[in-house]
Amino acid sequence: MNSSEAKSKSPLYGERVIEAAKLLCFENPNQDRPYEISIELPEFTCKCPFSGYPDFAVLRLFYQPGPKVLELKAIKLYINSYRDQCISHEEVTNKILDDLVRASNPNWMKLVADFNPRGNVHTVVTVCHGNRIVN
């Protein structure tokens with residue numbers, strides 16, 4: 001086996017980084033003021049658990065941080081870890097929210113998963129945690 005064959009069989013750099021990724025947070029710089037953070041992840045993919053076909057979605061995350069703020073690169077790598085997982089729209093949206101809540105303990109969090117239409121069906125799954133503070 002030559003070196004190019006060996007490289008093609010081993011996980012690529014990005015695959016290794018995604019596999020090792022952990023959700024990371026840092027201390028909220030202003031816990032005295034409720035504020036909202038919004039993050040859009042336009043290239044989410046997973047696989048349909050029934051057909052194995054890829055599902056594509058735009059994820060929109062909105063949250064009011066508690067003691068911690070989610071680190072953006074860690075979110076990106078975590079979200080990319082779903083690329084080859086066979087999981088339903090409903091399950092993946094709820095699992096992502098649960099994991100983000102567990103990592104950051106926000107005051108309020110909402111995740112909207114807007115899946116691309118397939119077979120003339122367009123699915124949007126919205127899940128929430130906590131109570132939004134409106135000032």
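Please treat every number below as a calculation from the coordinates, not as lab data. Just so we're clear, the structure is a prediction, and the values are computed from it rather than from any experiment. Backbone-built Cβ (ideal geometry, glycine too); neighbour counts: all protein chains shown.
What residue, among those in region 28-77 that are small (Gly, Ala, Ser) and over 11 Å from the mean Cα position of the chain (by Cα), is farthest from PRO106 (Cα to Cα)?
Out of the qualifying residues, it is SER51.
I need a count of the residues in region 36-47 that are among the hydroxyl-bearing types (Ser, Thr, Tyr) and surrounded by 15 or more Cβ atoms within 10 Å (Cβ to Cβ). So that I can check it myself, show each step before the final result.
Within region 36-47, the subset among the hydroxyl-bearing types (Ser, Thr, Tyr) is 38, 45.
Narrowing further to those that are surrounded by 15 or more Cβ atoms within 10 Å (Cβ to Cβ): 45.
Summing the residues that are among the hydroxyl-bearing types (Ser, Thr, Tyr) and surrounded by 15 or more Cβ atoms within 10 Å (Cβ to Cβ) in region 36-47 gives 1.
All but one of (1) touching a strand residue (DSSP E or B) at 6+ places or on another chain (Cβ under 8 Å); (2) aromatic (Phe, Trp, Tyr); (3) surrounded by fewer than 18 Cβ atoms within 10 Å (Cβ to Cβ); (4) over 25 Å from GLY14 (Cα atoms) hold for PHE50; state the number of the condition that does not hold.
Just one mismatch for PHE50, condition (1).
I'd like the residue in region 72-88 that is without any contact (Cβ under 8 Å) to a residue 60 or more places away in the chain and buried (at least 18 other Cβ atoms within 10 Å of the Cβ) and, out of all such residues, is farthest from ILE37 (Cα to Cα).
Step by step, filter region 72-88, then rank; the result is TYR82.
With the requirement that a residue be without any contact (Cβ under 8 Å) to a residue 40 or more places away in the chain and closer than 18 Å to LYS47 by Cα, what does region 98-135 give you?
PRO117, GLY119, ASN120, VAL121, HIS122, THR123, VAL124, VAL125
Could you list, in sequence order, all residues of region 102-124 that are among the aliphatic types (A, V, I, L, M) and either assigned to a loop (DSSP other than H, G, I, E, B) or surrounded by 17 or more Cβ atoms within 10 Å (Cβ to Cβ) (or both)?
Result: ALA103, MET109, LEU111, VAL112, ALA113.
So, in region 107-120, exactly how many residues are touching a strand residue (DSSP E or B) at 6+ places or on another chain (Cβ under 9 Å) and within 21 Å of GLU91 (Cβ to Cβ)?
Qualifying residue count, region 107-120: 9.
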